[in-house]
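Please read the structure below before turning to the comments.
The values are calculated or read from the model by the stated rules, or taken from the named source; none is laboratory data. Predicted, not measured: the structure shown is a model, and the values here were computed from it. As a convention, Cβ positions derive from the backbone with ideal geometry for all residues, glycine included, and neighbour counts pool all protein chains shown.
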Amino acid sequence: MNIRPRRNRKNAAIREMVQESRLGLENLIFPVFLKDGANIKEEIPSLPNIYRWSIDLLLKEIEGCMELGIRIYDIFPAVEDHLKDQTATMSYDPSNFYLKAIQKIKETFPELVLMSDVALDPYSSDGHDGLLRNGKIVNDDTLPILAKMAVAQAQAGIDIIGPSDMMDGRVGVIRSALDDAGYTDTSIMSYTAKYASAFYGPFRDALNSAPKSGDKKTYQMNTANKSEALIEAQLDVEEGADMIMVKPALCYLDVIHVLKENFATPVTAYNVSGEYAMVHAAAQKGWVDYNAAMNEMLLSIRRAGADGILTYFAKDFAQSLVE
Ligand code: PBG
């Protein structure tokens, strides 16, 4: 045997020198949930250690996370049911608590990067990402609402718009609405290949945003498809996306890989709520080691080709670096 691969694994220094993928805090985006009110820190049973915060306590939570080195956050609103309607009117009302929170966070921490969610579901009485009419999700009439939502978020000071709705043509419509309103520096990270996945359950618990009827399969992608992700990516890049996202991450590492190989645009991945919850559940039973499983998952997403990872593990990962 003149070739023995084990020689490059014989101690930590050699292993680390030849390590092909790396994971650092600079790769991570921390999703946080916001609720209207004050002094609220509400548990989400299916998302251990993740909370619905009111803005006052969220500012303190973010301050702590900034000290740990987390610089990019994605904020989602948990809206009371009685404020939801069929057309998601609240989503672009400048007095809404989400837009006010964006403004407050950016005022308090101008150096932090803040990303938003653009889709109807948190504000929709139907719980769908687009407008529901006669049992169908209508694409083109949804677009102006998404554009108004994005402009309102840009006005509040958001750094990155995150369209998660999967309507056709939305990136282009949002880009031109932002530009027309003078927000040429506001970025778009598009949910490019977003699959109709079983792993969004805990997130929908967090926002109480599960669809009231049907499922999301006429707009989110078929979990069996990969080539179709190339079509979605090409459209998003041509329409002006600055970054393209694959979601979920772990069942779709091949999709992350194929987008990274085919596009120069940075690729991100959303390590979603169900993926996080699974590790917690197994660790609680003593079936996997929490930190080891977290590191392996996040590193595998980097190895597949993701530049950035949206993950509920962000704070635990940051903490594991200090320990
Ligand atoms: C809503 C949205 C969802 C997630 C992010 N934005 C849920 C859905 O499409 O039903 C899921 C994130 C997660 O599970 O962590 N447009």
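Within segment 258-279, restricting attention to residues that are touching a Gly at 6+ places or on another chain (Cβ under 8 Å) and charged (D, E, K, R), the residue that is farthest from the ligand (Cβ to nearest atom) is Glu261.
Selection of segment 298-323 for residues being assigned to a helix (DSSP H, G or I) and in contact (Cβ under 8 Å) with a residue 60 or more places away in the chain yields Leu298, Leu299, Arg302, Arg303, Ala314, Lys315, Asp316, Phe317, Ala318, Gln319, Leu321, Val322. Taking Ser273 as the residue in question, decide whether it is over 20 Å from the mean Cα position of the chain (by Cα) and polar (S, T, N, Q). Criteria not met by Ser273. Considering segment 159-257, the qualifying helices (runs of 4 or more DSSP H), each wholly inside and each with 2 or more residues that are within 15 Å of the ligand (Cβ to nearest atom), run over 170-180, 201-207. Among residues that are modelled with pLDDT of 95 or more, under 23 Å from the mean Cα position of the chain (by Cα) and buried (at least 20 other Cβ atoms within 10 Å of the Cβ), Lys106 is not included.
Among the numbered conditions (1) away from the ligand (no atom under 15 Å from the Cβ); (2) among the polar types (S, T, N, Q); (3) touching a residue at least 40 places away in the same chain (Cβ under 8 Å); (4) not in a helix (DSSP H, G or I), tell me where Asn295 comes up short. Unmet for Asn295, out of (1) away from the ligand (no atom under 15 Å from the Cβ); (2) among the polar types (S, T, N, Q); (3) touching a residue at least 40 places away in the same chain (Cβ under 8 Å); (4) not in a helix (DSSP H, G or I): (4). Can you spot a residue in segment 142-154 that is over 20 Å from Phe76 (Cβ atoms), crowded, with 17+ Cβ neighbours inside 10 Å and either without any contact (Cβ under 8 Å) to a residue 24 or more places away in the chain or of a type outside the set (Gly, Ala, Ser) (or both)? Yes: segment 142-154 contains one or more residues that are over 20 Å from Phe76 (Cβ atoms), crowded, with 17+ Cβ neighbours inside 10 Å and either without any contact (Cβ under 8 Å) to a residue 24 or more places away in the chain or of a type outside the set (Gly, Ala, Ser) (or both). Listed conditions (1) touching a Ser or Thr at 6+ places or on another chain (Cβ under 7 Å); (2) among the aliphatic types (A, V, I, L, M); (3) closer than 20 Å to Ser187 by Cβ are all met by Leu59, apart from (3). Tell me yes or no: at least one residue of segment 109-130 is surrounded by 20 or more Cβ atoms within 10 Å (Cβ to Cβ) and more than 20 Å from the chain's Cα centre (by Cα). Yes; the residues of segment 109-130 include at least one that is surrounded by 20 or more Cβ atoms within 10 Å (Cβ to Cβ) and more than 20 Å from the chain's Cα centre (by Cα).
Tell me, please, whether a residue that is within 28 Å of Ser125 (Cβ to Cβ) and not β-branched (Val, Ile, Thr) can be found in segment 3-17. No, because not a single residue in segment 3-17 is within 28 Å of Ser125 (Cβ to Cβ) and not β-branched (Val, Ile, Thr).
When Thr186 is tested against (1) surrounded by 14 or more Cβ atoms within 10 Å (Cβ to Cβ); (2) more than 26 Å from Ala156 (Cα to Cα), exactly one condition is not met: (2). In the condition set (1) surrounded by fewer than 23 Cβ atoms within 10 Å (Cβ to Cβ); (2) within 15 Å of the ligand (Cβ to nearest atom), Lys285 is compliant with all but (2). Mind listing just one residue for me: the one in segment 80-122 that is assigned to a loop (DSSP other than H, G, I, E, B) and small (Gly, Ala, Ser) and, of those, nearest to Ser164 (Cα to Cα)? Within segment 80-122, the match that is nearest to Ser164 (Cα to Cα) is Ala119. Only a single criterion out of (1) at negative phi; (2) within 15 Å of the ligand (Cβ to nearest atom) is not satisfied by Ala88, namely (1).
Going residue by residue through segment 261-270, is there one that turns out to be under 19 Å from Asp121 (Cβ atoms), among the β-branched types (Val, Ile, Thr) and in contact (Cβ under 8 Å) with a residue 24 or more places away in the chain? No.
Checked against (1) over 20 Å from Met90 (Cα atoms); (2) among the β-branched types (Val, Ile, Thr); (3) touching a strand residue (DSSP E or B) at 6+ places or on another chain (Cβ under 8 Å), Thr184 meets all criteria but (3).
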